[in-house]
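The structure under discussion appears below in the form of C-alpha cells.
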Amino acid sequence: MSSSDRILLILLLLLIPAALWAPGYLVMHYPELIEPLIYLPWLTLGSTLLLSQIYHQGRLGFMVILAMLLYGLIQSQLQVPLHQEGKRLLFWVMGLLTPVLALLLALLPERVPFSRQSGGHWLLLLAGVILVAVLTQIPALAQGLTQFLTPRAFLLTQHSPAPLLMLAWQTLIAVILWALYLRHRESASMAALLLVVGLMLVCLGFARPMISVTLLAVVGVTLFVVVLQQGHQMAFLDELTGIPGRRALNMALKRVGRRYSLAMMDIDHFKKFNDTYGHDVGDEVLKLVASRLTQIKGGGQVFRYGGEEFTVLFPGKTPKACAPHLEAVREDIAEYPFVVRSTKSRPEDENTGRERRGQGGGKTVQITISMGLSERTGERPEAEAVIKAADQALYKAKKAGRNCLKLG
C-alpha cells in the first residue's frame, strides 16, 4: 500500500466518527458553540481553496467549490423539515446530482479555478446550479419528478430521510471514483471520492442536528490534507519515476547521522539508448530501473539524483554490509528482459505494460547499471565529499567495463 493509499484510507475513516459521534457530542456538551460552528466549513473549505490555488491544483479547487455550493444549499434551503413543499425533492436532487458533478470534475482537464482556461469547469458548475433550480422550481417538472421518485424512494432506516435509491447511486459513483483513483492515483479522484463519501454520510444522518456542519468541516480538512500531500509530492518526488528526488536526498542527508554509506549509480550507455529508440522508451527504462531499485534490501533508501543517475543511501551501514544488496539489485536489472516496443503497441496503462514485458512483440535488450559506493569518514565528514567519492568510484566502474560495483 502506497503512502497515498494509506492517507486516503485514514481520511475516509476520519469521516465516519465525524458523522456518528461529533454532531451529538457538540449539541449535548457545547450548545453555545452551535451558532459559531456554522461558519467552520466555510473556513476549512476556504483555506483549502486558497491552498489549491497556491499549488495549482485546479480540479481539486473546483471540488472544494462544489463542496461550498453544497454547504450553501443545505444552509440556505434545507434547514427546515423536509416534508415542507419542495424541500424533499430538493434534498433528493442534491443527493443525486452532486456525485455526478464530482465525477465529471475529476475527469476534466487540470485547470486553475481563477484562470481564463477554466471556463468549461465553471460552466459545468453553473449547469448544475441551473439544473437544480429548473427541476425544483418549475412546478410541472417538480411534480413529475416527485411522482417518479416517490414510489422508488425506499428509506434505508426510519431515522434517516435518505432513500435507498439515492444511497445506491452515491455508492455507485464512489466505486467508480475509487477505481479511477486506483488507475491513475490522482488527487482529483481522491478529493472527489472523499466529497461523495462525505455527502453520503450527510444524507444518511440528515435528520441529526449539526451533521452537515461537522461533516463538511471535516471534508474541508481532508481536502486540505490532500492538497498538502500533493504539494509534498511535487516538491520531493520525481514526477517520472515516482521515487524521491534530489531535494528529498538533501533532506535525508541532513538527518542521517554520522555513519552511513552512499551509492551513486548510472544507467550504462543511456544516451545512446535514448538516441536509438527514442525518449519514450528511455523514460520506460528509467521507470524500470527505479522500480527495481526500490526493491533493494538492507535498508537502502532510493533517490533519483538526476538524468539517468540514481542514489541509494544506507543509514548506519558500512560499504561491506551494503555491497551484497547492491550487487543483487545490479544483477536483477541486468537479467530483466526489457522488450522495446513501438509507441503504438505500448499500452497506456503502466500495470498492463508490466504484465506484457518479456512476452515478445519487440526487440529484447539488456539494461545494465554501474555503481560507485562510498561511506562517511573522518576525512570526508560532509555529504558533498561522500557524494564526490561515490561519483569517483562510479567513474572507476565505467572504466572497468560497466555493469559492476566499485568502492571509493
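Values in this text are rule-based calculations from the coordinates and carry no lab data. Everything quoted here is computed from the prediction, not taken from an experiment. FYI the Cβ positions are ideal-geometry reconstructions off the backbone, even for glycines, and counts take in every protein chain you see.
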Please return the longest stretch of the chain lacking exposed loop sites, where trypsin sites (Lys or Arg not before Pro) count only if DSSP places them in a loop and at most 11 other Cβ atoms lie within 10 Å.
-> 1-257
Excluding Thr214 itself, calculate the net charge of residues whose Cβ lies under 15 Å from the Cβ of Thr214, where each Lys or Arg counts +1 and each Asp or Glu counts -1.
-> 0
FRET efficiency, 1/(1 + (r/R0)^6) with R0 56 Å, evaluated for His279 and Gln75 via beta carbons = 0.60
Debye sum, Cα scatterers, segment 147-210, no solvent: what log₁₀ I/I(0) at q = 0.17, 0.22, 0.25, 0.27 1/Å?
-> -0.64, -0.87, -0.98, -1.05
Dipole magnitude (debye, nearest 20) for segment 3-236, charges at Cβ of Lys, Arg, Asp, Glu | 360
Work out the FRET efficiency for Lys297 and Ala168 from their Cβ-Cβ distance, taking R0 = 60 Å, and round it to the nearest 0.05.
-> 0.80
Distance between segment 176-240 and segment 247-268 - C-alpha centres, whole angstrom | 34
Report, in degrees rounded to the nearest 10, the 0 to 90 angle that the Cα long axis of helix 58-77 makes with the longest principal axis of the chain.
-> 20
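Using a 10 Å Cβ count of at most 16 others and DSSP loop calls, identify the longest part of the chain lacking such chymotrypsin sites (Phe, Trp or Tyr not before Pro).
Within the chain, the longest run free of exposed chymotrypsin sites (Phe, Trp or Tyr not before Pro) spans 155-408.
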When all Cα-Cα pair distances of the chain are considered, the percent exceeding 42 Å is 33
Cα centroids of segment 1-53 and segment 305-329: how far apart, whole angstrom?
-> 43
In whole Å, what is the distance between the alpha-carbon centres of segment 86-146 and segment 70-85?
-> 16
Once both axes come from the Cα atoms, what is the angle between helix 279-293 and the longest principal axis of the chain, in degrees from 0 to 90, rounded to 10?
-> 90
With springs connecting C-alpha atoms under 10 Å apart, model the chain as a Gaussian network and identify which of Ile138, Ile211, Ile38 has the largest mean-square fluctuation.
-> Ile138
Kindly state, to the nearest 0.05, the FRET efficiency for Ala328 paired with Met251, given R0 = 35 Å and r defined as their beta-carbon distance.
-> 0.80
Under a GNM of the chain (C-alpha, springs under 10 Å), which listed residue has the highest mean-square fluctuation: Met190, Met166, Met234?
-> Met234
For the chain, the charge dipole (Cβ of Lys, Arg +1; Cβ of Asp, Glu -1; about the Cα centre) points to a positive end, and the Cα of Leu253, Pro81, Ala235 closest to that extreme belongs to Leu253
Describe numerically, in nm with one decimal, the distance between label points set 7 Å from Cα along Cα→Cβ at His269 and at Leu50.
-> 5.6
Distance in nm between Leu108 and Val129 label points, each 7 Å along Cα→Cβ, equals 1.3
Tell me what the chain gives for mean residue ellipticity at 222 nm when only DSSP H runs of n ≥ 4 count, each as -39,500 (n - 2.57), the sum divided by the residue total, rounded to 500 deg cm²/dmol.
-> -20500 deg cm²/dmol
For each pair in Lys254/Lys317; Lys363/Lys406; Lys297/Lys317, compute the distance between the two Cα atoms and list the pairs where it is over 19 Å.
-> Lys363/Lys406
